[in-house]
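Visitor: Questions regarding the structure given below will be posed in turn.
The values are calculated or read from the model by the stated rules, or taken from the named source; none is laboratory data. In this text the structure is predicted, and so the values were computed from the model without any measurement. Positions of Cβ are backbone-derived with ideal geometry, glycine not excepted, and every protein chain shown enters the neighbour counts.
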Amino acid sequence: MSILETTANILKLMVELQGGIRVSDVITRLGMPKSTASRVMSQLEFWGYLEKDESQGTFLPGPLIMSASHLVSRQITLSDHVDAALRNLCERTGYTGYISMLDNQEILVLRVIHGRQALPVVTWPGSRSPAWGTSTGRALLARFSDTQLHDFFASPLVVSQLSGTQHDVSMLVAAVACTRDAGYATAVNESVADTASVSCAVGDPATHEAVAFCLSFPQHLATPEELQRIATLLKEAALAIAGKTGDTLVTSPL
């Protein structure tokens, strides 16, 4: 096994264990002889790939790894990750993609990526909608704690939006809870007539940003099988992005 492969396996083990690792972890999990494991870990520490916490006896990512990670995080934003993933999905499915964010209790459309499948109505960047009435909104609200969700529905703007409608807050909260459990949200003929959408949300803990991204398509294509297929694609993309940003809220498998 080359030193590059050994280093990669040790770093993968650190990711798998979600924390510092000991020489004993390398021995037992990677099947490496004790003398080899000790020597490799010492070399990786010397060159800055790892840093040893003497009080715990564990190895953590070293200054070289952290510096490279910081450089990448500064150059590639959450929006960049989401945009690249969504463009790929739009190309694969032919559907229209949207990237949105929460702004003052409303969903604000940031970007639209046109697909080959024409939509009855296109929602343009800058458009706003009640967050509780869209799949992208529910995907983002699902990231809230119960306290944050209570405060959201108690806010003057949301109370005003719901006034005079037949929407029940308890049912809306239940819909957000379902989204939280599933890891994605769907909407069929809801905020946009004759249109279906499936949404996921992902965040960047370093910047405290979170965005939702969705695929939208004509309502007549929204069979249960198609909704599930699109949800699977979006969820896979969200998990991949979360792995790059360190977002621990995107964890539930479909």
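Visitor: With 195, 179, 232, 207 as the choices, which residue is under 23 Å from residue 111 (Cβ atoms) and touching a Lys or Arg at 6+ places or on another chain (Cβ under 6 Å)?
Guide: Criteria check complete, one pass: 179.
Visitor: Could you tell me whether any residue of segment 20-41 is surrounded by 15 or more Cβ atoms within 10 Å (Cβ to Cβ), touching a Gly at 6+ places or on another chain (Cβ under 7 Å), closer than 22 Å to residue 243 by Cα and modelled with pLDDT under 90?
Guide: No, the conditions are met nowhere in segment 20-41.
Conditions tested, residue by residue: (1) among the aromatic types (Phe, Trp, Tyr); (2) under 21 Å from the mean Cα position of the chain (by Cα); (3) in a strand (DSSP E or B); (4) not assigned by TED's automatic domain parsing to the domain that holds residue 241.
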residue: 92; (1), (2), (3), (4): no, yes, no, no
residue: 97; (1), (2), (3), (4): no, yes, yes, no
residue: 138; (1), (2), (3), (4): no, yes, no, no
residue: 151; (1), (2), (3), (4): no, no, no, no
residue: 167; (1), (2), (3), (4): no, no, no, no
residue: 170; (1), (2), (3), (4): no, no, no, no
residue: 177; (1), (2), (3), (4): no, yes, no, no
residue: 187; (1), (2), (3), (4): no, yes, yes, no
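Visitor: Considering only residues of segment 173-191 that are out of contact with any Pro (no Cβ under 9 Å at 6 or more places or on another chain) and crowded, with 21+ Cβ neighbours inside 10 Å, which is nearest to residue 203 (Cα to Cα)?
Guide: Applying the first criterion (out of contact with any Pro (no Cβ under 9 Å at 6 or more places or on another chain)) to segment 173-191 yields 173-182, 184-190.
From what is left, the residues that are crowded, with 21+ Cβ neighbours inside 10 Å are 176, 179, 184-187.
Working: 176: 17, 179: 16, 184: 14, 185: 16, 186: 19, 187: 21 Å.
Of everything passing the filter in segment 173-191, 184 is nearest to residue 203 (Cα to Cα).
Visitor: Sort out which residues of segment 132-160 are surrounded by 23 or more Cβ atoms within 10 Å (Cβ to Cβ), in contact with a Pro (Cβ under 8 Å, 6 or more places away or on another chain) and of a type in the set (Val, Ile, Thr), and write them in order of number.
Guide: Within segment 132-160, no residue meets the criteria.
Visitor: Ok, one more. Give the residues of segment 99-126 that are polar (S, T, N, Q) and exposed (fewer than 15 other Cβ atoms within 10 Å of the Cβ), sorted by residue number.
Guide: Within segment 99-126, 104 is the sole residue that qualifies.
Visitor: For segment 43-65, state whether one or more residues are modelled with pLDDT of 95 or more, assigned to a helix (DSSP H, G or I) and acidic (Asp, Glu).
Guide: Checking segment 43-65: not a single residue is modelled with pLDDT of 95 or more, assigned to a helix (DSSP H, G or I) and acidic (Asp, Glu).
Visitor: With the condition kept exactly as written, say whether any residue in segment 73-90 is in the same structural domain as residue 238 (by TED's automatic domain parsing), in a loop (DSSP other than H, G, I, E, B) and closer than 30 Å to residue 221 by Cβ.
Guide: There is no residue in segment 73-90 that is in the same structural domain as residue 238 (by TED's automatic domain parsing), in a loop (DSSP other than H, G, I, E, B) and closer than 30 Å to residue 221 by Cβ.
Visitor: For residues that are out of contact with any Phe, Trp or Tyr (no Cβ under 9 Å at 6 or more places or on another chain) and surrounded by 21 or more Cβ atoms within 10 Å (Cβ to Cβ), tally how many sit in segment 205-221.
Guide: The total comes to 1.
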